[in-house]
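Q: First, the structure itself, so that you have it in front of you.
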Ligand SMILES: [Zn+2]
């Protein structure tokens with residue numbers, strides 16, 4: 001299933017980065033434009049990344065930032 005822009009826009013937003021400490025993409029390591037970063041939740045059981053509310057709470061490893069292109073590639077919608 002293809003991830004839509006609407007699904008990516010609906011991901012949680014985190015913005016605690018600074019110019020000195022910018023977020024980098026968890027996939028390719030590229031420095032991200034924080035406003036455009038997409039946050040995906042990782043499962044420590046599968047080590048894969050998912051859209052919000054897909055990973056059961058006890059399996060969550062937390063959220064990681066991605067560029068939009070990488071987020072579309074790695075995000076899963078079904079656990
Ligand atoms: Zn990337």
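Read-outs throughout are calculated quantities, based only on the coordinates presented, and are distinct from any laboratory measurement. Note that the structure is a prediction, hence the values are computed from the model and not measured. Glycine also receives a Cβ, built like all others from the backbone with ideal geometry; neighbour counts cover every protein chain displayed.
Q: How much length would be gained if the chain were fully extended between residue 14 and residue 34, taking 0.36 nm per residue of separation minus their Cα-Cα distance, in nm to one decimal?
A: Numbers: separation 20, 0.36 × 20 = 7.20 nm, distance 0.83 nm.
Extra length available between residue 14 and residue 34 comes to 6.4 nm.
Q: Rank by packing, highest mean first: peptides 37-46, 4-13, with packing defined as the count of other Cβ atoms within 10 Å averaged across residues. Don't jump to the answer; show the numbers that get you there.
A: Working: 37-46: 19.4, 4-13: 12.3.
Packing proxy ranking, top to bottom: 37-46, 4-13.
Q: So for 49, 14, 64, fewest C-beta neighbours within 10 Å to most, what's the order? It would help to have the intermediate numbers written out before the result.
A: Numbers: 49 25, 14 13, 64 19.
Taking fewest neighbouring Cβ atoms as first place, the list is 14, 64, 49.
Q: Oh, and also: Which of 18, 34, 69 moves the most in a Gaussian network model of the chain with Cα springs under 10 Å?
A: In this elastic network of the chain, the residue with the biggest mean-square fluctuation among 18, 34, 69 is 18.
Q: If you don't mind, another one. Spin-label point model (7 Å from Cα, Cβ direction): what's the residue 21 to residue 59 distance in nm?
A: About 3.1 nm, to one decimal.
Q: Quote to one decimal, in nm, the extra length available between residue 6 and residue 69 on full extension: 0.36 nm per residue of separation minus the C-alpha distance between them.
A: Numbers: separation 63, 0.36 × 63 = 22.68 nm, distance 1.41 nm.
Contour length minus the Cα-Cα distance gives 21.3 nm.
Q: Please report, to two decimal places, log10 I(q)/I(0) for the chain at q = 0.13 Å⁻¹ as given by the Debye formula with identical point scatterers on the Cα atoms and no solvent.
A: Normalising to I(0) and taking log10 leaves -0.35.
Q: Right, here's the next one. Taking every DSSP beta bridge with both residues inside the chain, roughly what % is antiparallel (nearest 5)?
A: Working: 9 of 10 bridges.
If we restrict to bridges inside the chain, about 90 percent are antiparallel.
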